[in-house]
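Since the structure comes first, as structure tokens, the remarks are kept for the end.
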Amino acid sequence: MSSAVPNAAKFRTLLASRKMIVAPGAIDCITGRAIAQAGFSAVYMTGAGTSATLGYPDYGLITMSEMVGNASRISKSIDIPLISDSDTGFGNELNVFRTVQEFESAGVAAIHIEDQVFPKKCGHLDNKELVSREDFVAKIRAASAARRSKDFCIIARTDSRAVVGLEEAIERANLALANGADVAFVEAPQTMAEIEAVPKLVKGPCLLNVVRGGKTPEIELEVAERMGYAIAIVPGLLLGGIIQTCDRLLADLKQGKFPPVSGSPGKTFARFGAAEWDARRTAFRDPIKIAAE
């Protein structure tokens, strides 16, 4: 799906509106389209979900090319901005430089890069390890320099809260903003007081990762917006729902029970542009024009 206004520019407009962007997590084109059709202003491609689609846990086992490939497919299937996980940038500053350009070329509007060692772990698991402040800042500088359009958004994620505490996480977030990042992502604050403190202490727009059952207490989205968060991603909502639904349907089928029909094939295909493709079947079948001699 194409757009007259690049999605990175759309995303910048959303950020400038000062209304919190809520981006549910997509794992593929089906979930990406569902999010767009539900009326959300942005989609978040979850790295954990992408890993799951390839049969792996979120342990940094997915390559940059695999992540970009999924992001490219999702981006092409929607007409709203896509924010994407890009793990650690998949290496040092040189790898980060290429990573940014690959995601940008794929039509992604924003990516986040974190300060874990490679390979990383899910931000809500224990025993994470960090790179130094210097290495993190160097990656953010490389990311900022690599983008071809200034509309492309660099989100700096720090996982340092779980390792060395909130004070260091705030320091790293502010260092990243001072060195080219556009948004700060302090991963996994562990109390409501910490959630509230982040946008007060960080000197720029902040992203909140809403992970039910994770390290961060549950919070209503309107409360997060009042606290001053610019973006809230909800990465596990659809992935968790899909797994639960599959388990339930398959358990029923194992017992010989068929669920009620949820829709015809035609209705399903309509969600993916069938009407547009049907129109193209005849659009090029006008009578053949013979060139005048």
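Every number here is computed from the coordinates shown, using simple stated rules; none is lab data. Note that the structure is a prediction, hence the values are computed from the model and not measured. Quick reminder, even Gly has a Cβ in these numbers, built from the backbone with ideal geometry, and neighbours come from all protein chains shown.
Given Lys19/Lys203; Lys76/Lys200; Lys10/Lys128; Lys128/Lys150; Lys76/Lys128, which pairs have Cα atoms separated by over 29 Å? Distance filter (> 29 Å) returns Lys76/Lys200; Lys10/Lys128; Lys128/Lys150; Lys76/Lys128. Rounded to the nearest 500, the helix-only mean residue ellipticity at 222 nm of the chain stands at -14000 deg cm²/dmol, with each DSSP H run of n ≥ 4 adding -39,500 (n - 2.57).
Taking Thr99, Thr191, Thr282 as the candidate residues, the one with maximal mean-square fluctuation in a Gaussian network model of the chain, Cα springs under 10 Å, is Thr282.
Charge dipole (Cα centre; +1 on Lys/Arg Cβ, -1 on Asp/Glu Cβ; no other charges) of the chain amounts to roughly 840 debye. Using R0 = 51 Å, the C-beta based FRET efficiency linking Asp126 and Phe269 works out to 0.70.
With neighbours defined as other Cβ atoms within 10 Å of a residue's Cβ, the residues Cys29, Cys153, Cys122 order from fewest to most as Cys29, Cys122, Cys153. Extension gain for Leu250 to Arg73 (0.36 nm times residue separation, less C-alpha to C-alpha distance): 60.9 nm.
Treating each Cα of the chain as an identical point scatterer and ignoring solvent, apply the Debye formula and state log10 I(q)/I(0) at q = 0.07 Å⁻¹. Here the Debye-derived log intensity ratios amount to -0.29.
Here the Gaussian network model covers the chain, with springs between Cα atoms less than 10 Å apart; of Val43, Val163, Val68, Val163 fluctuates the most. Residues His124, His112 in ascending order of nearby Cβ atoms (within 10 Å, fewest first): His124, His112.
Between Thr268, Thr88, Thr46, where does the largest GNM mean-square fluctuation fall for the chain, given springs only between Cα atoms within less than 10 Å? Top of the fluctuation ranking is Thr268.
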